[in-house]
Amino acid sequence: MNGQLAQLVRALRSHRRGHWFEPSIAHHKKMTAIISEQIKILAELQKIDSEIYALRQEIEAYPEIQKKADQEFDNKKLNLKSAEDEHRALQAKQKGMEIELGSKEDKIAKLQSQLFSLKSNKEYQAMDFEIKALKADKSLLEEEILIFFDSIETAKAKVTKEKELLSVEEKKHKEELSVTQKRIAEIQADIQVHEEKRKAFTPSIDPKILPQYEKLLKNREGLAIAPIRNNSCGGCNIGLPPQIVNEARMLEKFITCESCARMLYWAP
């Protein structure tokens, strides 16, 4: 019994000097250092991935921008087509009027050739009246053709103007397309550079943490890990409970936002 009592006394003295807690404290410090280092790596990786996300978003926006530009250019082409259709319609109508005029002239000439072969004065007067009526119609038609000619010239000028405008717009459209294609190529090159930078960080991340990070990156608009600022999540900007904030500062484990599920870290 005396031997057991002596062992108990020595154990109590060791406990008072803190010897029992030395392994626990050392382990805590080690874990804190590991988590701190992992968070630093993840935060740096997030900067790269945010750049990649922004670049990819820019590329994804270009098809819609190009579609809108193509539609605007197509509308410009429709303006020219409309002007050409109007000009052709007026030309067709003018041709019809000229045919009608020619028909009246032929009829007048025919009647005039028959006028002096008539035997009675009554027949002569009737045909003469018909000739005068045709001449009156012919005169009106000639005036209408002259007025119509101005409309055709106006329509023709409009076609010429629309062709000039379309030529300018076509050149502008091609230049914008060239600039867009050049920018897309630059973005793709930048993405490749950032992808290479990623490779310097991913091997240093805990294999259990990296898949979680990658999943969040995909599902949370390119932001997997966010700083805590003003006691709020830097991803969704929703306030965090004090306990979550304290746990993030203690670096004892990885902390996630209860609202958006993003990983969190304390940003002093």
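Points worth noting:
- Cα coordinate range in region 206-268, projected on the principal axes (Å, largest first): 27, 23, 18
- With respect to the chain, whose longest principal axis is taken over its alpha-carbon atoms, helix 2-16 is tilted by about 40°.
- Each part gets one Cα centre, and for region 242-268 versus region 152-166 those centres are 68 Å apart.
- Rounded to the nearest 0.05, the FRET efficiency derived from the C-beta distance between residue 236 and residue 151 at R0 = 45 Å is 0.10.
- In Hz, Karplus ³J(HN,Hα) per residue of region 112-119 (6.51, -1.76, 1.60; θ = phi - 60°; x = Gly, Pro): 5, 5, 8, 4, 7, 9, 6, 8
- Cα centroid separation, region 49-77 to region 179-220 (Å): 21
- Dipole in debye (nearest 20) - region 51-203, about Cα centre, beta carbon charges: Lys, Arg +1; Asp, Glu -1: 300
- Trypsin sites (Lys or Arg not before Pro) restricted to region 157-211 and DSSP loop, no more than 15 other C-beta within 10 Å: 199, 208
- 3J(HN,Hα) couplings calculated from phi for region 60-70 with the Karplus curve 6.51 cos²θ - 1.76 cosθ + 1.60 (θ = phi - 60°) are, in sequence order, 5, 7, 5, x, 5, 5, 5, 4, 5, 5, 5 Hz; Gly and Pro show x.
- The three principal axes of the C-alpha atoms in region 19-84 carry coordinate ranges of 98, 13, 7 Å, sorted with the longest axis first.
- Per-q log10 I(q)/I(0), the chain, q = 0.09, 0.11 Å⁻¹ (Debye; single scatterer per alpha-carbon; no solvent): -0.75, -0.88
- Calculated [θ] (222 nm, deg cm²/dmol) that DSSP helices of n ≥ 4 give over the chain, each run adding -39,500 (n - 2.57): -28500 deg cm²/dmol
- Antiparallel content of DSSP bridges confined to the chain, in %, to 5: 55
- Residue among 101, 251, 78 with the largest mean-square fluctuation in a Gaussian network model of the chain, springs linking Cα atoms under 10 Å: 101
- Contact order relative to length of the chain, as percent, for alpha carbon pairs under 8 angstrom and 6 or more apart: 26
- Where Rh is the Kirkwood radius over Cα pairs, Rg/Rh for region 51-203: 1.53
- Bridge orientation summary for region 206-268: considering DSSP beta bridges with both residues in this region, about 55 percent are antiparallel.
- Estimated vicinal HN-Hα couplings, Hz - region 145-155 in sequence order (Karplus 6.51, -1.76, 1.60; Gly, Pro = x): 5, 5, 5, 5, 4, 4, 5, 5, 5, 5, 5
FYI, it's all coordinate maths here, none of it is from the lab. This is a predicted model, so every value here is computed, not measured. As a convention, Cβ positions derive from the backbone with ideal geometry for all residues, glycine included, and neighbour counts pool all protein chains shown.
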